[in-house]
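**Student:** Let me begin by handing over the structure; questions about it come next.
What follows draws every value from the coordinates through simple rules; no lab data is involved. Keep in mind that what you see is a predicted model, and the values were worked out from it rather than measured. Cβ: placed from backbone, ideal geometry, glycine included. Neighbour counts: every protein chain shown.
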Amino acid sequence: MVSKVISIHSGKILQQGNCVLDKVELNVEKNEFVYLIGKTGSGKSSLLKTLYGELKLSEGDGEVAGFNIKTLSKKEIPLLRRKIGIVFQDFQLLMDRNVLKNLLFVLGATGWKDKTLMDNRAREVLRLVGIENKINAMPHALSGGEQQRVSIARALLNKPQLILADEPTGNLDPETSEEIMQLMLAIAQEENTAVLMATHDMTVVEKFPGRVVRVEHGQLKEINTINRFDPFTTFDTH
């Protein structure tokens, strides 16, 4: 049984012909919680897009949830995404349908057929994130924190090996951010899921310690002790 959910060696990521990240080395084990930090525009989102098949790995070797992301075909992308849950900063809920129908839509789109099983799974993940009482609510009637809980529930539908979270607390106040972080950490442990979370919210990183990888000057650098220095100071390049 492979314990690594993400494994990239000597990776290179291009966007519109420009090199965004080079010499990428990244390994994430099952149920590990890893922060991806770095300034806006440093390449965090490009790395996440490569991990869920939106961008190609141009050079090197890469595997995510058992799929080779360098040779990934269009047909394989939906299969890869069944093994990955994605949580966005702006929630990306369908505003024309209620919470339950948002989740049923995703289950249908990822190949579920049995209506009873779909309904049961949707209710189960809403219980997991603590908002089963909002099952019939429309997204616009929910608070930001509740919308993000729905977004996390949606990410859990297919029992993913990996959750990719792109600034999941970016649109939330500090108290709600803390609740969402506690929820994500608890779920990672309970569901045996790896989490890679891109963030620039250093208060969250300090409050909920995890492995920290920083994107800077087109490369990834592992930071060992988050509390010893400001992670946004420039690396000594000598």
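**Student:** Assess whether residue 107 counts as being under 27 Å from residue 140 (Cα atoms) and part of a loop (DSSP other than H, G, I, E, B). Reasoning before the result, please.
**Tutor:** Numbers: under 27 Å from residue 140 (Cα atoms): yes; part of a loop (DSSP other than H, G, I, E, B): no.
Answer is no for this residue.
**Student:** So which of 44, 70 ends up being of a type outside the set (Asp, Glu) and within 17 Å of the chain's Cα centre (by Cα)?
**Tutor:** Details: 70 fails: within 17 Å of the chain's Cα centre (by Cα).
Of 44, 70, the one residue that is of a type outside the set (Asp, Glu) and within 17 Å of the chain's Cα centre (by Cα) is 44.
**Student:** Now, a different point. When the residues of region 33-46 are narrowed to those that are in contact with a Ser or Thr (Cβ under 9 Å, 6 or more places away or on another chain) and hydrophobic (A, V, I, L, M, F, W, C), which ends up surrounded by the fewest Cβ atoms within 10 Å (Cβ to Cβ)? Working first, answer last.
**Tutor:** Going through region 33-46, the residues in contact with a Ser or Thr (Cβ under 9 Å, 6 or more places away or on another chain) turn out to be 35-37, 44.
Applying the additional criterion that residues be hydrophobic (A, V, I, L, M, F, W, C) yields 36-37.
Details: 36: 25, 37: 22.
If we take residues in region 33-46 being in contact with a Ser or Thr (Cβ under 9 Å, 6 or more places away or on another chain) and hydrophobic (A, V, I, L, M, F, W, C), then 37 is surrounded by the fewest Cβ atoms within 10 Å (Cβ to Cβ).
**Student:** Could I ask something else about it? Residue by residue through region 14-50, note down the ones that are among the hydrophobic types (A, V, I, L, M, F, W, C) and either closer than 21 Å to residue 88 by Cβ or not in a strand (DSSP E or B) (or both).
**Tutor:** First, the residues of region 14-50 that are among the hydrophobic types (A, V, I, L, M, F, W, C): 14, 19-21, 24, 26, 28, 33-34, 36-37, 47-48.
20, 21, 26, 28, 33, 34, 36, 37, 47, 48 - these are the residues of region 14-50 that are among the hydrophobic types (A, V, I, L, M, F, W, C) and either closer than 21 Å to residue 88 by Cβ or not in a strand (DSSP E or B) (or both).
**Student:** I need the full set of residues from region 115-142 which are among the small types (Gly, Ala, Ser), out of contact with any helix residue (DSSP H, G or I) (no Cβ under 6 Å at 6 or more places or on another chain) and part of a helix (DSSP H, G or I), in order please.
**Tutor:** First, pick out the residues of region 115-142 that are among the small types (Gly, Ala, Ser): 122, 130, 137, 141.
Pick out the ones that are also out of contact with any helix residue (DSSP H, G or I) (no Cβ under 6 Å at 6 or more places or on another chain) and you get 130, 141.
The answer is 141, and nothing else.
**Student:** Can you report the number of residues in region 166-190 which are closer than 19 Å to residue 143 by Cα, touching a Gly at 6+ places or on another chain (Cβ under 9 Å) and in contact (Cβ under 8 Å) with a residue 40 or more places away in the chain?
**Tutor:** So the count comes out to 2.
**Student:** I've got another one for you. If you check residue 101 against the conditions, is it over 28 Å from residue 178 (Cα atoms), surrounded by fewer than 18 Cβ atoms within 10 Å (Cβ to Cβ) and among the charged types (D, E, K, R)?
**Tutor:** Numbers: over 28 Å from residue 178 (Cα atoms): no; surrounded by fewer than 18 Cβ atoms within 10 Å (Cβ to Cβ): yes; among the charged types (D, E, K, R): yes.
Taking the combined requirement at face value, the residue does not satisfy it.
**Student:** Now a separate question. Scan region 47-70 residue by residue and report those that are crowded, with 19+ Cβ neighbours inside 10 Å and of a type in the set (Gly, Ala, Ser).
**Tutor:** 53, 62, 65
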